[in-house]
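The values are calculated or read from the model by the stated rules, or taken from the named source; none is laboratory data. Only a predicted model underlies this, so the values are computations on that prediction, with no experimental measurement involved. No Cβ is skipped: glycine too gets one built from the backbone with ideal geometry, and neighbour counts run over all protein chains shown. Note: accessible area is taken over every heavy atom of the protein model, side chains too, but ligands, DNA and RNA are not part of it. Shrake-Rupley method; radii C 1.70, N 1.55, O 1.52, S 1.80 Å.
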Amino acid sequence: NQIERAVVSISMNIAEGYEYGSDKQFVRFLYISKGSCGEVRSLLLLSKELSILNNSQVESLVEKCSKLSIMIYKLIKVRSSK
């Protein structure tokens, strides 16, 4: 349940930040989204340790989350340089 909330938080914060119409606010919410990616990765690794998810499931999802975090970071850099 917590993983689902953190995943939803990623996209919701991106959308909310964008709607403010300023790069400064958008970047602020992008950082929050990036933090949620870290939370998801942490929860995934914990779920593996607790044997809730298997190793291959977790590895694939952690890799996807890491790629998303990198994409958000690149967007932060683009929006911060304006």
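Rundown of residues vs (1) in contact (Cβ under 8 Å) with a residue 12 or more places away in the chain; (2) among the basic types (Lys, Arg); (3) touching a Phe, Trp or Tyr at 6+ places or on another chain (Cβ under 9 Å), yes/no style:
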position: GLU4; (1), (2), (3): no, no, no
position: PHE26; (1), (2), (3): yes, no, yes
position: PHE29; (1), (2), (3): yes, no, yes
position: LYS34; (1), (2), (3): yes, yes, yes
position: SER47; (1), (2), (3): yes, no, no
position: LEU53; (1), (2), (3): no, no, no
position: GLU63; (1), (2), (3): no, no, no
position: ILE72; (1), (2), (3): yes, no, yes
position: ILE76; (1), (2), (3): yes, no, yes
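Of the residues making up region 27-58, just one is of a type in the set (Lys, Arg) and open to solvent by 70 Å² or more (accessible area, probe 1.4 Å), namely ARG28.
How many residues, within region 67-82, are open to solvent by less than 70 Å² (accessible area, probe 1.4 Å) and either over 8 Å from the mean Cα position of the chain (by Cα) or of a type in the set (A, V, I, L, M, F, W, C) (or both)? Count: 6. Residue count for region 1-16, restricted to those that are more than 14 Å from the chain's Cα centre (by Cα) and open to solvent by less than 60 Å² (accessible area, probe 1.4 Å): 0.
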